[in-house]
Amino acid sequence: MRIEPVAPKPGPRRNLSSRRFVVIGAVGLVLLGILFFRLWSLQIVTGDKYLAEANQNRTREVRVPAPRGRILDREGDVLVDNRTSMALQLDPIEIPTQVPVRRKLYARIGKVLGHDADWVRRKVRESKKNDPPGSPITLDPDVDDDIVYYLQEHQAEFPEVQVNRIFVRKYPQGILAAHILGSIGEVTAEDLENNPDKDLAAGDTLGKTGIEQTYDDELRGKPGLTRLQVDSTGRIISQLRSTLPVPGESVRLSLDEKVQQAGESSLQSIGLPGAFVALDVNNGQVLGLASNPTFDPDIFTHPLTQKQVNALYSEDNGAPLFDRAIGGQYAVGSTFKPFTALAALDGGFITPETVVNDTGSITIADQEFDNAGKQAHGPVDMRRALEVSSDVYFYRLGAEMNGTRQLQNWAGDFGFGKATGIDIPGESEGLVPTPKWLNKAHQDQPQYYDPWVIGQNIQLAIGQGYLQASPLQLAVAYATLGNGGTVYKPQLMLQTEDAAGRVKSEAEPQVAGQVSIDPADRQLIMEGLHDAAQAPEGTSYKIFGGFPIKVAGKTGTAERANEADQAWYAVLAPYPNPKIAVVATVEQGGFGADTAAPVALQVLQAYFDKQAHAVSGGAGAVE
């Protein structure tokens with residue numbers, strides 16, 4: 001009997017949904033396993049560690065600011081010191097998020113400070129924009145005692161407000177040397193980004209301008225740290241431990257207080273914008289430097305209103321924050337003539353005995369060039385040309401040196417057209433015009449610049465045209481002439497000292513260059529400048545003729561477009577071996593002997609402690 005094969009019956013088939021449940025269940029089991037393992041690790045393996053950290057969350061670290069170092073003059077008298085003040089700050093975390101509640105808070109705080117809610121809102125907005133995230137928002141760094149007492153009595157009504165003791169700069173000498181000293185300000189987010197190597201944190205202060213900025217690392221000191229125990233509401237329970245702050249070092253400057261005071265007072269009495277610089281000829285130390293108008297540095301220890309900011313920068317007020325002594329860009333007039341003379345002598349374009357007949361004007365390339373007032377001086381050699389400030393004599397030298405770089409090269413050797421490197425920010429480089437520079441400027445902006453012609457070199461020879469220099473650059477050039485050819489980098493810092501007065505570091509003279517001046521040429525120039533200052537026909541005899549110290553000085557009267565002439569005076573003393581170089585300038589001051597020379601005289605009187613006696617006016621040139 002044949003048995004037929006029986007086909008197996010198909011088993012039950014799983015549908016797609018059940019498979020998905022299995023996969024999801026497996027994944028879930030894995031995740032639960034991971035979570036269980038993590039919980040076990042947190043509680044068993046590292047539980048003690050995190051328990052310790054949780055306990056530490058009940059502590060608060062408070063950064064204790066260090067007293068900033070003082071700034072002293074060369075005799076050790078204090079120019080900048082510290083005082084303690086109470087800063088009113090808002091805790092950004094505690095500021096309400098609801099607009100109506102926040103508005104009421106700003107109104108209550110503003111009322112205490114004498115401002116409206118919008119003023120507080122602007123302060124908060126500015127702080128959030130400029131300061132590091134989470135920084136305390138300083139509304140006033142120096143609140144009055146009565147406000148502090150009021151907030152202490154009503155602390156429960158102002159939980160968002162903090163009043164912290166901080167150090168604020170004070171200025172025992174008032175406005176003296178304001179541009180030099182500079183200012184400090186609270187650290188911003190940009191400061192933290194630009195100074196990653198510094199130990200800075202939100203709420204710290206940093207030097208922003210002047211000596212405060214240049215020597216911030218020395219002046220700032222090292223902050224301390226206090227660890228406090230607090231409860232869950234932030235209330236302080238006890239102080240755990242603290243590290244004392246380390247005071248900053250003091251910086252002693254080269255400034256002579258008498259020289260500085262004399263120069264500033266003289267400029268302020270004139271009432272016009274101007275500047276003065278006094279340098280030690282033999283090492284580059286700055287004995288005095290000031291710009292007028294000036295400002296009260298104490299203004300930066302308080303919140304500035306927009307009106308105050310506008311006044312500090314306003315051209316109508318003379319831009320008080322602008323330091324004309326190092327940043328001013330001017331033609332320097334006839335004070336430039338000694339360098340023209342040295343360039344011409346070195347290049348063989350003239351000899352000391354060469355005589356030029358000064359008739360009051362000269363025609364070169366079909367253009368007439370005149371002395372001031374077309375005054376004729378007759379036959380003049382180099383010494384006489386410096387004494388009476390003969391423009392005609394120097395016009396000829398400029399024309400003869402055209403087509404060479406002789407004049408430009410010598411000007412550059414003396415420091416014109418380059419920054420001096422003084423140890424405060426804000427210095428300008430100036431400009432010594434060359435054919436290449438002017439022709440390029442003409443090509444780029446023909447509406448503003450003409451191409452180079454011989455007249456440009458003629459104007460440069462008397463310190464006019466496109467020449468631009470600061471009073472500091474002119475002072476460096478005269479100091480170089482005075483010491484025989486060494487170009488020193490001007491320096492303000494003499495040394496740093498610790499809190500006990502011990503010297504930590506000292507500044508050494510820094511040579512920036514050397515000019516090969518023939519001693520005979522230098523002697524000739526110095527004789528001409530001495531005659532210009534103290535010979536009866538000299539251009540500044542009426543000012544310096546009665547000064548008991550022999551000097552060598554030169555007036556300058558520079559023309560400025562759409563403005564009255566600018567007055568200049570540069571002087572070396574004592575003659576013939578000077579120790580000090582002084583440069584003074586007064587914008588719209590007219591002839592150099594009228595306004596600038598008296599400023600320089602008062603500086604030298606303070607330096608030598610000698611007074612000039614009156615003399616009859618000289619018969620020299622009005623310049």
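Remarks
- All told, P446 meets the bar of being over 19 Å from Y330 (Cα atoms) and part of a loop (DSSP other than H, G, I, E, B).
- E527 meets all of the listed conditions (1) under 20 Å from Y488 (Cβ atoms); (2) touching a residue at least 40 places away in the same chain (Cβ under 8 Å) but one, namely (1).
- Meets criteria (at pLDDT 95 or above, part of a strand (DSSP E or B) and among the hydroxyl-bearing types (S, T, Y)) for S269: no
- Those residues of the range 507-544 which are more than 30 Å from W410 (Cβ to Cβ) and in contact with a Ser or Thr (Cβ under 8 Å, 6 or more places away or on another chain), in sequence order: K542
- Screening the candidates L438, L397, L407, L472 for the property of being closer than 30 Å to G76 by Cα, assigned to a helix (DSSP H, G or I) and aliphatic (A, V, I, L, M) yields one hit, L472.
- Entirely in the range 121-188, the strands (runs of 3 or more DSSP E) that have 3 or more residues that are farther than 23 Å from I71 by Cβ and modelled with pLDDT under 85: 137-140, 161-170
- Subset of the range 73-93 [crowded, with 20+ Cβ neighbours inside 10 Å, at pLDDT 95 or above and not in a loop (DSSP other than H, G, I, E, B)]: L79, V80
- Of residues in the range 189-225 being outside any helix (DSSP H, G or I), closer than 14 Å to P425 by Cβ and not basic (K, R), the one modelled with the lowest pLDDT: L206
The values are calculated or read from the model by the stated rules, or taken from the named source; none is laboratory data. On a predicted model such as this, the values are computed, not experimentally measured, just so you know. Cβ sites come from the backbone with ideal geometry, for glycine too, and all protein chains shown count toward neighbours.
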